[in-house]
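K.L.:
Here's a structure for you.
FYI, it's all coordinate maths here, none of it is from the lab. Treat the numbers as computed from the prediction; the structure is a model and nothing was measured.
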Amino acid sequence: MKNTLKLFLTIVSLFSFVAIGVAQKPEHAGKKEKVEKKIKKEKKNVKEDIDKDIKEKKDKAEKIIKKNKEKAEEAVENLEKDGNAYGKDKYGLEGKAYGQERARQAKLKKDENVKQLESTLEKGKSKVSDARERVRIAKEKLEAKKKQGKLTNKEFDEEMQEIEALENEVEILDDKVKKGKKITMTDR
């Protein structure tokens, strides 16, 4: 029994020495330190990249601010120099002749604006009439569907509310066209 116990203890101690020897092989001895160095190096690289990006963005922002500031200063200088342009270039005219030329230009501009307004009003009138026609047709179709029994009362009411909302929008557009027409009548 003693011999078996000695043999058993010897084998166990032999295995433990072999296990310790395998665990501390020289090829594995510095791995933890290498990994820690790699991690530190990567952290340092990431920090440098972030700092570099921040610096670049800060530089770009400063350039943009400087550029915009210069533009604003130029605009202020131009405003101070120019004022309104009437009277700067008098087309070689002076006094009464210059005043008559300005009046002629103002009348031409007014006539051009009136023509634009009239064309816009004509387009608005045609849109109003087209919209009214489409609303009328939509109502007829809706009523026909209800008579045929394809729609419930609830569906009919919902669609009718939508059509009435469109009618209101058409009326608003028509009022705008009428107001524009009144403006053109008073301008003449």
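K.L.:
Which whole-Hz couplings ³J(HN,Hα) result when phi for each residue of the stretch 94-109 is put into the Karplus expression 6.51 cos²θ - 1.76 cosθ + 1.60, θ = phi - 60°, listed in order with x for Gly and Pro?
P.N.:
Rounded to whole hertz, the list is 9, x, 4, 5, 5, x, 5, 5, 4, 5, 4, 5, 5, 5, 4, 5.
K.L.:
Shape verdict for the stretch 121-182, please, from the Cα gyration tensor: rounded (a/c under 1.5), prolate (a/b greater than b/c) or oblate.
P.N.:
Cα axes put the stretch 121-182 in the prolate bin.
K.L.:
On to the next question. Rounded if a/c is under 1.5, else prolate if a/b is larger than b/c, else oblate: which is the stretch 87-168, with a ≥ b ≥ c the root eigenvalues of its Cα gyration tensor?
P.N.:
Taking the square roots of the gyration eigenvalues as a ≥ b ≥ c, the stretch 87-168 is prolate.
K.L.:
Straight-line reach from residue 154: which aspartates and glutamates have a Cα under 17 Å away, not including same-chain ones fewer than 8 places off?
P.N.:
Once the sequence-local aspartates and glutamates are set aside, what remains near residue 154 is 143, 162, 164.
K.L.:
Using θ = phi - 60° and the Karplus curve 6.51 cos²θ - 1.76 cosθ + 1.60, what whole-Hz ³J(HN,Hα) does each residue of the stretch 141-154 get, with Gly and Pro shown as x?
P.N.:
Each residue of the stretch 141-154 in turn: 4, 5, 5, 5, 5, 5, 5, 6, x, 7, 10, 7, 4, 5 Hz.
K.L.:
Same structure again: Step through the table entries 107/176; 150/178; 109/176; 147/176, compare each Cα-Cα distance with 29 Å, and write down the pairs that go over it.
P.N.:
Beyond 29 Å: 150/178; 147/176.
K.L.:
Also, I was wondering about something else. Near residue 44, which lysines are there with a Cα under 22 Å away, not counting those fewer than 8 places off in the same chain?
P.N.:
The qualifying lysines are 31, 32, 34, 52, 55, 57, 58.
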